[in-house]
Amino acid sequence: MSARTKPITTEEKAFWSNIRKQFYLKDDVTYLQGGSVGPSPKPVIERVIELLKQVEEDPFYNNRWELMHPLVEASREKVAEFVGAPAKCISLVTNTTMGMNIPAQGLYLQPGSEILMSDQEYPSVQSMWDFMARQQNVTVRKVPLPTPPKTPQDIVDAYAAHITPRTQVMIFSHVYCTTGLAAPVKALSDLARENGAYSIVDGAHAVGMVPVNIEEFGCDFYASSTHKWLLAPKGTGIMYIAPHFLSTLRAPILGYNVNSHAHASRFDVTGTADHTHFAGLKTAIDYQLDIGWEDKIVPYSNSLAKYLKEVVLDEIEGAYLTIPDDPAMSGFLTSFAIEGVNLHPIREIMWNEYKIQIATTGAGGEPCFRISTHFYDSFEDIDRFVDVLKELIATRDELRIDPSEPRRRRK
């Protein structure tokens, strides 16, 4: 069977084509960059605009208890149900970076202890923990992740090989921003707990892409940016805080929240702010649930990723995956490298000359493409990306790497 045989019926194609029209994305744009910032669908944006107008009718009362407070709390309840956690443990933050600041600035680290994280954590997460380590006289140790790992146990084994009795904090991603690797969160959380360490999960790319059940994971903290795969308004995110930290942890931004109470709202965005985007979070979740997140969106988006992997490996010489082919270890993100090709300039060429939006990242010492496929994308979008990529490799001499230059080769 040809790699370009598309696993979709005419009726299904028409269905997803109509869904695409519910976004503001331009027809001439191929948007394969939703892993960085997802486009909110029209019903979500219209809901936020409607609420903004209502707030401005009476800014003092409507931005507080009379209008916005019950709507924001409804969003907290909705997102808590979606990620499998009690609502009282969910803080509404602007993004994963803000959420990660809650344990980074709130936990007391014993001098001489260690923070353990992989070498593929998000740069701002690495930076904040490096800073806090210097402040509290502790050591950061990095775990080299196999790229790609063969089994989920490979990831657990990599952390287990570096954890010590001095490890106080263990940080890992649910879905890695570098390659799209989906890690075994429960097994890693168990490893941390068994060694007396706090487990802190960067779930920025996970919520809305892969199943999330935080209580089942048993982690201490779990952060996510809901503007990515949940397609919620920009500037919305969540932080799960385990019950035993709710009343004891200091919030990173202080105000009325210095009065301790056992609810994660104590760590929310504080002071006067625009709460309409958080109210729109519920609308975004309802939008995907109404389409059918589990039975329609997930299978379709995974089929796009599978198709992309097959076409790339079948048609591009020297291409190899930097993510496992196992669906249990990947989601809507696909990463791959190409031997003998300079990938980074291609990203700019793709956008400037073809209006194709993609990302380049790096993992395991090698550059790679990171392609996001969500349900507003199509198989034709993937075909267009691959066709342009093949054309660029064939016609742009400046993209080729001198084979005499040292580089990491596929193992």
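The values are calculated or read from the model by the stated rules, or taken from the named source; none is laboratory data. In this text, all values refer to a predicted model and were calculated from it rather than measured experimentally. We place every Cβ from the backbone using ideal geometry, glycine too, and count neighbours over all the protein chains shown.
Step by step: first the residues of the range 151-165, then only those that are of a type outside the set (Val, Ile, Thr) and under 12 Å from Met329 (Cβ atoms), then the one that is nearest to the chain's Cα centre (by Cα). Which residue is that? So the residue we want is Pro152.
Taking the range 22-64 as the range and being of a type in the set (S, T, N, Q) and either more than 25 Å from Leu333 (Cα to Cα) or more than 21 Å from the chain's Cα centre (by Cα) (or both) as the test, the residues that pass are Gln22, Gln54, Asn62, Asn63.
The set of residues in the range 156-182 being in a loop (DSSP other than H, G, I, E, B) and over 12 Å from Met117 (Cβ atoms) consists of Ala161, Thr164, Pro165, Arg166, His174, Cys177, Thr178, Thr179, Gly180, Leu181. Taking the criterion of being within 26 Å of the chain's Cα centre (by Cα) and either more than 19 Å from Glu81 (Cα to Cα) or not in a helix (DSSP H, G or I) (or both), the residues of the range 251-266 that qualify are Ala251, Pro252, Ile253, His263, Arg266. Of all residues in the range 114-150, those being within 22 Å of the chain's Cα centre (by Cα) and without any contact (Cβ under 8 Å) to a residue 24 or more places away in the chain number 4. A count restricted to the range 290-310 and to residues that are in contact with a helix residue (DSSP H, G or I) (Cβ under 7 Å, 6 or more places away or on another chain) and buried (at least 21 other Cβ atoms within 10 Å of the Cβ) stands at 5. When the range 331-357 is filtered for residues that are of a type outside the set (Gly, Ala, Ser), in a loop (DSSP other than H, G, I, E, B) and crowded, with 21+ Cβ neighbours inside 10 Å, only Phe332 remains. If only residues of the range 367-381 that are of a type in the set (Asp, Glu) and in a helix (DSSP H, G or I) are counted, the one that is farthest from Pro345 (Cα to Cα) is Glu380. Taking the criterion of being under 16 Å from Thr147 (Cβ atoms) and either polar (S, T, N, Q) or out of contact with any Gly (no Cβ under 9 Å at 6 or more places or on another chain) (or both), the residues of the range 354-379 that qualify are Thr360, Thr361, Gly362, Ala363, Gly364, Gly365, Glu366, Pro367, Phe369. What residue, among those in the range 116-141 that are in contact with a Ser or Thr (Cβ under 7 Å, 6 or more places away or on another chain) and farther than 17 Å from Gly180 by Cβ, is surrounded by the fewest Cβ atoms within 10 Å (Cβ to Cβ)? So the residue we want is Ser124. Candidates Ala363, Ala359: the one that is within 27 Å of Val37 (Cα to Cα), at pLDDT below 95 and hydrophobic (A, V, I, L, M, F, W, C) is Ala363. Number of residues in the range 192-216 that are of a type in the set (Ser, Thr, Tyr) and free of Cβ contacts under 8 Å to residues at least 60 places away in the same chain equals 1. Before we move on, is Val48 surrounded by 12 or more Cβ atoms within 10 Å (Cβ to Cβ), closer than 27 Å to Phe369 by Cα and in contact (Cβ under 8 Å) with a residue 40 or more places away in the chain? It is false that Val48 is surrounded by 12 or more Cβ atoms within 10 Å (Cβ to Cβ), closer than 27 Å to Phe369 by Cα and in contact (Cβ under 8 Å) with a residue 40 or more places away in the chain. Among the residues examined, Ala206 qualifies as more than 26 Å from Gly112 (Cβ to Cβ) and in contact with a helix residue (DSSP H, G or I) (Cβ under 9 Å, 6 or more places away or on another chain). Close contacts from the range 318-338, counting a first residue that is not assigned by TED's automatic domain parsing to the domain that holds Ser372 and a second that is surrounded by fewer than 24 Cβ atoms within 10 Å (Cβ to Cβ) and among the hydrophobic types (A, V, I, L, M, F, W, C), with Cβ to Cβ under 7 Å and a gap of 6+ residues or different chains, come to none at all. Scanning for something modelled with pLDDT under 95 and surrounded by 16 or more Cβ atoms within 10 Å (Cβ to Cβ), does the range 87-103 turn up at least one residue? No, the range 87-103 contains no residue that is modelled with pLDDT under 95 and surrounded by 16 or more Cβ atoms within 10 Å (Cβ to Cβ). No other residue among Thr283, Thr226 is in contact with a Lys or Arg (Cβ under 9 Å, 6 or more places away or on another chain) and surrounded by 22 or more Cβ atoms within 10 Å (Cβ to Cβ) apart from Thr283.
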